[in-house]
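The structure under discussion appears below in the form of structure tokens.
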Amino acid sequence: MDSENFLGMAAALNALDSDENALGEGLSDWIRNQLSNIETVIFPESAIKKIYVLPNRRFNSEYLLNSPHSLLKEGVFEKLDEIAKQDIASACRCILFGEATAAAFHLLRATESVLKSYYFLHKKQRRLAKPMWGPMVNELKAKTKNRPPETLLSSLDLIRTSYRNPTQHPEAVYEIDSAQDLFGVCLDVIGKMGREL
């Protein structure tokens with residue numbers, strides 16, 4: 001459609017005085033020829049291409065597809081490690097395309113990755129040899145100085161017990177609504193931890 005021939009035909013159509021004017025045989029043949037050329041390309045391509053209409057989700061489709069960093073407070077996404085960034089971006093695409101269970105896995109991996117960075121920020125000495133979600137949260141709860149907010153720690157525990165542990169089972173399957181619920185909760189805790197990183 002960017003060819004000179006097609007653009008010339010479009011210009012000839014636009015140059016007509018009125019939509020009521022007869023096209024004439026020459027212009028009519030030119031249009032038929034150009035549409036035939038387009039059809040020759042589109043039909044074979046359409047046989048091997050899939051078109052997907054993006055459904056509306058609770059979160060901005062543009063952010064989910066192209067700008068996952070926009071779902072967090074400005075500057076937070078950039079502070080996250082590469083694993084968390086990739087998993088958040090993957091979770092966003094999975095939410096958008098309706099892959100709910102995959103979205104849950106990516107969200108939980110991203111949250112655990114950010115939790116690990118957050119744990120290392122708060123725990124400088126006698127760190128866990130193998131930092132796991134539950135023990136990290138327990139050690140953060142046990143702190144007496146510079147203890148993280150109770151609401152954050154409670155949310156992390158809720159995500160672990162209600163989502164992460166059950167999701168580890170192969171029979172766990174998410175519906176898109178429950179994945180979006182999890183998405184909101186995980187974005188909240190990732191945002192809270194990310195501001196401190």
Worksheet item: Does any residue of segment 21-40 turn out to be crowded, with 18+ Cβ neighbours inside 10 Å, among the hydrophobic types (A, V, I, L, M, F, W, C) and either modelled with pLDDT of 95 or more or in contact with a Pro (Cβ under 7 Å, 6 or more places away or on another chain) (or both)?
Response: no
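Among the residues of segment 21-48, what is the count of those that are small (Gly, Ala, Ser) and in a loop (DSSP other than H, G, I, E, B)? Let's see the steps before the verdict.
First pass over segment 21-48, keeping only residues small (Gly, Ala, Ser): 22, 24, 26, 28, 36, 46-47.
Then keep just the ones that are in a loop (DSSP other than H, G, I, E, B); that gives 22, 24.
Total meeting the criteria: 2.
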Worksheet, complete the sentence: Taking segment 28-61 and keeping only residues that are among the polar types (S, T, N, Q) and farther than 27 Å from Cys92 by Cβ, one is left with Ser28, Asn33, Gln34, Ser36, Asn37, Thr40, Ser46
Practice prompt. Go through the residues of segment 174-190 one by one and say whether even a single one is farther than 18 Å from Leu65 by Cα, among the hydroxyl-bearing types (Ser, Thr, Tyr) and part of a helix (DSSP H, G or I).
Written response: yes
Item to complete: Would you confirm whether any residue within segment 28-44 is in contact (Cβ under 8 Å) with a residue 24 or more places away in the chain and of a type in the set (D, E, K, R)?
Response: no
Discussion item. Just to verify a result, which residue in segment 96-108, among those that are in contact (Cβ under 8 Å) with a residue 24 or more places away in the chain and in contact with a helix residue (DSSP H, G or I) (Cβ under 7 Å, 6 or more places away or on another chain), is surrounded by the most Cβ atoms within 10 Å (Cβ to Cβ)?
Written reply: Leu107
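Condition check ((1) outside the structural domain of Gly191 (by TED's automatic domain parsing); (2) in contact (Cβ under 8 Å) with a residue 40 or more places away in the chain; (3) closer than 23 Å to Glu175 by Cβ; (4) crowded, with 16+ Cβ neighbours inside 10 Å) across all residues:
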| position | (1), (2), (3), (4) |
| --- | --- |
| Lys79 | no, yes, no, yes |
| Ala110 | no, yes, yes, yes |
| Tyr119 | no, no, no, yes |
| Ala142 | no, no, no, no |
Response to the item:
Among helices (runs of 4 or more DSSP H) entirely inside segment 72-137, those with 3 or more residues being aromatic (Phe, Trp, Tyr) and more than 24 Å from Arg57 (Cα to Cα) are 100-122
Worksheet item: Which condition number in (1) modelled with pLDDT under 95; (2) farther than 28 Å from Arg93 by Cβ; (3) not charged (D, E, K, R) is the one that Thr151 fails?
Response: (1)
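The values are calculated or read from the model by the stated rules, or taken from the named source; none is laboratory data. In this text, all values refer to a predicted model and were calculated from it rather than measured experimentally. Quick reminder, even Gly has a Cβ in these numbers, built from the backbone with ideal geometry, and neighbours come from all protein chains shown.
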